[in-house]
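Structure first, then comments.
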Amino acid sequence: MRIRKVKSNEIIEVLKFIAETFPNSNISISENDTIYLATENKEIVGFMHTTEESDKVLLNGIGTRKEDRGKMIGTKLMNYLVNKIKNKPIFLKVKDKNFVAQKLYHKFGFIPKKFGEVYILVKQPEN
């Protein structure tokens, strides 16, 4: 499996992949966003959508094809992110019933923080 940044000519295909992975989501990508792809044999099997700000990184989404779940693709994408971003906290939202995702995030050191009625998971920088 290879993890890489999306190429500009792939954006339509990637948006379709994200929509299929999360059919009830409204996806928007801005110029500060980066999408990473997990590919096998040139086929997209997973993605990660981030926004890097001056003081933090937002993990907007991570997902894999339904048929590829349980193959550690999400773990490999998260490992890529936490090894790449060591000097800023990483923030993400997760649904309270998404126990599989919560388990993955906790494995990487994310801890819940409450902001009003919303829980955000935060991984503090290593330094």
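The values are calculated or read from the model by the stated rules, or taken from the named source; none is laboratory data. Everything numeric here is computed off the predicted structure, so don't read it as measured data. Please note: Cβ atoms are built from the backbone with ideal geometry, for glycine as well, and neighbour counts cover all protein chains shown.
Worth pointing out:
- Test result for K107, under 24 Å from T39 (Cα atoms), modelled with pLDDT under 90 and of a type outside the set (A, V, I, L, M, F, W, C): yes
- Scanning the stretch 66-123 for residues that are basic (K, R) and in contact with a Pro (Cβ under 7 Å, 6 or more places away or on another chain) returns K86, K88, K123.
- Failed criterion for E67 (all others in (1) touching a residue at least 24 places away in the same chain (Cβ under 8 Å); (2) under 28 Å from E10 (Cα atoms); (3) among the acidic types (D, E) hold): (1)
- Pick from the stretch 27-51, criterion under 19 Å from F91 (Cβ atoms) and free of Cβ contacts under 8 Å to residues at least 24 places away in the same chain, ranking: surrounded by the fewest Cβ atoms within 10 Å (Cβ to Cβ): S30
- Meets criteria (surrounded by 10 or more Cβ atoms within 10 Å (Cβ to Cβ), touching a Gly at 6+ places or on another chain (Cβ under 7 Å) and closer than 26 Å to G109 by Cα) for I73: yes
- Members of the stretch 85-96 that are exposed (fewer than 14 other Cβ atoms within 10 Å of the Cβ) and over 14 Å from P112 (Cα atoms): K86, N87
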